[in-house]
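For reference, the structure is listed below as structure tokens.
Where a number appears in this text, it was derived from the coordinates with a stated rule and is not lab data. Computed from a prediction, not measured in an experiment: that's the story for all the values here. Note that we place each Cβ from the backbone using ideal geometry, even for glycine, and neighbour counts take in every protein chain shown.
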Amino acid sequence: MKIANETKIGILAVVAITGLILGFNFLKGSSLFEHTKKIYAVFSNVEGVELSNQVQVNGLTIGTVSAINESDKDLTKGIVVTIVLKKDVHIPKNSTGTINSGLISASTIVVTRGDATQYLNDGDTLATTQKPNLLSQVQSSINPVIIQLNGTLQSLDSLVQVVGTLFNPKLKNNLSTIVANLATSSASLQTLLNAESGELGKALKNVDQFTGNLVKNNDHVSRTLENLDKTSANLAAAKIPETLESLQSTVAELKGVVAKVNSNNGSLGLLLNDKKLYQNLEGTSRSLNILLDDVRIHPKRYVNISVFGRKDKSGPLMAPVDSASKPANK
């Protein structure tokens, strides 16, 4: 039986298409003759992830990315990545997947195993965590360096401008004057620091002598401080508040006594403040003096012990007699 050329061409085309499909799936990492398990992972950003990218656990490739689809038109729920598992490994349900981006190599999805006793099955969703890719990390590290480099370049530019102004003749003269003034100032400072003639040197020498004297008299200073400490301790132990309280009480009582003396209440107050009592006392004293003088001058009037004497008929005294004067009547 002779086969027509058209049939041969059709059979060859079918074989070629079949081989193309099988080869394409093989390059993607999928096989039509093996039963595979699919799991899903949802990321908010899948930058760098492409079809056939590897999925690894502890560095071991366990599958590939077979599809990347949007969860909704607004991408509010993230992007769904379909993972085809080539190896029959147990992935705990609390495992997490992250996208590991490289500068040269392709991005991979790295699965970090959890510690759950239940495992992901066909059609389950893997939990994910988002981390910055390598380019973002490098850029975030380079940006501060670039900012510092810009600041350094600006400072260098300012320095170059300042150095350029040094060639100005007026500035050269000013610099010469400044250097001369610095030389004069250093000479003056050296003169001041001279221990023999300099004021500052003498002052430092006196300070040195003073500190030396303090060191020599350290024992005396220590004893003085000890005595001062003992005195302060004695003062602290003394009942100063009680003494002051007692003194205040005594002063208050003294004030009360003085107030009573100044008032007309009481004998002492009346004696000090009553003028009539003073006048009566003065009159009584005068009368007593007159009586004593009369008794002294005319004793016979009061006591008569003479047998032959006669009675003194002279009048009584009306005023006190001075002891230096003689009596008027005998």
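Give the separation of the Cα centroids, segment 198-268 to segment 72-93, in Å.
Computed from Cα coordinates, the inter-centre distance equals 90 Å.
Under a 5 Å amide H to amide H cut-off, with H placed in plane at 1.01 Å, what residues pair with residue 63 once short-range neighbours are removed?
Placed amide hydrogens put 55, 86 under 5 Å from residue 63.
Just order 116-127, 233-244, 44-55 by mean Cβ neighbour count inside 10 Å, highest at the front, would you?
By packing density, highest mean first, the sequence is 44-55, 116-127, 233-244.
For Cα pairs less than 8 Å apart in space and 6+ apart in sequence, what is the mean separation divided by the residue count of segment 36-131, i.e. the relative contact order in percent?
Values: 232 pairs, mean separation 35.3, N = 96.
Over segment 36-131, the number comes to 37 percent.
Amide H of residue 125 versus every other amide H placed in the peptide plane: which residues, excluding those fewer than 5 positions away on the same chain, fall under 5 Å?
Amide H neighbours of residue 125: 40.
Using the Karplus equation 6.51 cos²θ - 1.76 cosθ + 1.60 (θ = phi - 60°), what ³J(HN,Hα) coupling, rounded to whole Hz, does each residue of segment 229-237 give in order, writing x for Gly and Pro?
5, 5, 4, 5, 5, 5, 4, 5, 7
Residues with beta-carbon under 11 Å from that of residue 63, excluding residue 63: net charge, scoring Lys, Arg +1 and Asp, Glu -1?
Net charge in that neighbourhood comes out at +3.
Residue by residue, what Karplus-based ³J(HN,Hα) values in Hz, rounded to whole numbers, does segment 66-73 have, using 6.51, -1.76 and 1.60 with θ = phi - 60° and x for Gly and Pro?
9, 7, 10, 10, 7, 6, 7, 5
So what are the ³J(HN,Hα) numbers for segment 107-124, from phi and the Karplus equation (6.51, -1.76, 1.60; θ = phi - 60°), rounded to whole Hz, Gly and Pro as x?
Rounded to whole hertz, the list is 5, 10, 9, 9, 9, 9, 5, x, 10, 6, 8, 9, 10, 6, 10, 4, x, 6.
Considering only the other residues whose Cβ falls under 10 Å of the Cβ of residue 85, what net charge follows from Lys and Arg at +1 and Asp and Glu at -1?
+2
How would you rank 6-12, 66-72, highest first, on the average number of other Cβ atoms within 10 Å across their residues?
Answer by packing, highest mean first, reads 66-72, 6-12.
Pairs on different chains or at least eight residues apart, Cα atoms closer than 28 Å: how many lysine pairs in segment 34-125 fit?
Counting lysine pairs in segment 34-125 gives 12.
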